[in-house]
Structures are given as C-alpha cells and as structure tokens.
Amino acid sequence: MTELDDPRIAASGILNALLDIDGHVTRERQSAVLDTLSRTFLIDDEEARELAIMGAWIAAQADSPEEAVFTLSRRLRNMRAPEAQAVSGTMRAMIDVVMSDANGRLSRPVQNALTAATTGHA
C-alpha cells in the first residue's frame, strides 16, 4: 500500500474497507460505491467496477479494515500529485454518500476508523 500512486485506487480501497468495518456490505452500498466512483472520477460503469475491484484488493492486503483505512488515508494525504489532493478533498463527501445511514449518520466503528486515520493514531 505504501507504493500506491493512484489516488483513485486509494479512495476505492478506503470505501471498501469502511464497508467491511461497518459490517453492512449490501448490494445497495456496493452500488453506491460504484456510482460514487463513477460520478467522482467521471468514468464509465466498467471502469468503476475495475476500480472497485482494485480498491477491495488493496484494502485486503492490510491486516484489518481499520489498518487499511489508516494506511490508505495516510498514503492519499502524502501523494504529491494535484489529482491526489483533489481526491483527498472529496473523500469525506464520498464517504458520506456511501456510508451514511438513513439519518445521515456514520456508524460508531466507521467514525472511530476515520478519527484514527485523521489524527494519525491507529
């Protein structure tokens, strides 16, 4: 994960790891990931599916989904390319679209993982 240089794969990995953390991997949420990737990165459905698969694979390389969120978030923040900064800036919106419940809230485990990733304390 530390060698990853595509911010889109990092973002996809974070979303996939958050689905695992939340424990509610449903068709609806998987579709939300694909739709979010497609709209955010202006790509077609096939490319969004490929990106989701790569993101899931890279997230699975970590010892836990929490570690994946932490490591991929840090990697995304440290990428120097302008597109990485743009992706980093849209991550919270992407997370909210995919992970929020009907009341617009994130589950406690997801909040904890995001706090750890943001504060730098795994």
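Among the candidates Ala68, Ala117, the residue that is closer than 16 Å to Val33 by Cβ, of a type outside the set (Ser, Thr, Tyr) and within 12 Å of the chain's Cα centre (by Cα) is uniquely Ala68.
Looking only at residues in segment 78-92 that are open to solvent by 60 Å² or more (accessible area, probe 1.4 Å) and closer than 21 Å to Leu37 by Cβ, which one is modelled with the highest pLDDT? Filtering first and then ranking leaves Arg92. Taken over segment 10-21, residues that are of a type in the set (A, V, I, L, M, F, W, C) and either open to solvent by 70 Å² or more (accessible area, probe 1.4 Å) or more than 14 Å from Met91 (Cα to Cα) (or both) amount to 2. Residue check: is Asn78 free of Cβ contacts under 8 Å to residues at least 24 places away in the same chain, in contact with a helix residue (DSSP H, G or I) (Cβ under 9 Å, 6 or more places away or on another chain) and of a type in the set (S, T, N, Q)? Against the criterion (free of Cβ contacts under 8 Å to residues at least 24 places away in the same chain, in contact with a helix residue (DSSP H, G or I) (Cβ under 9 Å, 6 or more places away or on another chain) and of a type in the set (S, T, N, Q)), Asn78 qualifies. Looking only at segment 66-78, decide whether some residue is part of a helix (DSSP H, G or I), polar (S, T, N, Q) and farther than 25 Å from Thr119 by Cα. Looking through segment 66-78, none of the residues is part of a helix (DSSP H, G or I), polar (S, T, N, Q) and farther than 25 Å from Thr119 by Cα. Would segment 101-117 turn up any residue that is under 13 Å from Ile9 (Cα atoms), open to solvent by 80 Å² or more (accessible area, probe 1.4 Å) and part of a helix (DSSP H, G or I)? The answer is no; no qualifying residue exists.
Evaluating Asp96 against the criteria (1) of a type in the set (D, E, K, R); (2) crowded, with 17+ Cβ neighbours inside 10 Å; (3) free of Cβ contacts under 8 Å to residues at least 24 places away in the same chain leaves one unmet condition, (2). Annotation: of all residues in segment 22-46 being open to solvent by 40 Å² or more (accessible area, probe 1.4 Å) and assigned to a loop (DSSP other than H, G, I, E, B), the one that is nearest to Arg8 (Cα to Cα) is Leu42.
The values are calculated or read from the model by the stated rules, or taken from the named source; none is laboratory data. These numbers come from a predicted model, not from an experiment. Cβ coordinates were reconstructed from backbone atoms using ideal geometry, including for glycine residues, and neighbour counts include every protein chain displayed. To get the accessible areas, we keep the full protein, side chains included, count just its heavy atoms, and leave off ligands, DNA and RNA. Shrake-Rupley method; radii C 1.70, N 1.55, O 1.52, S 1.80 Å.
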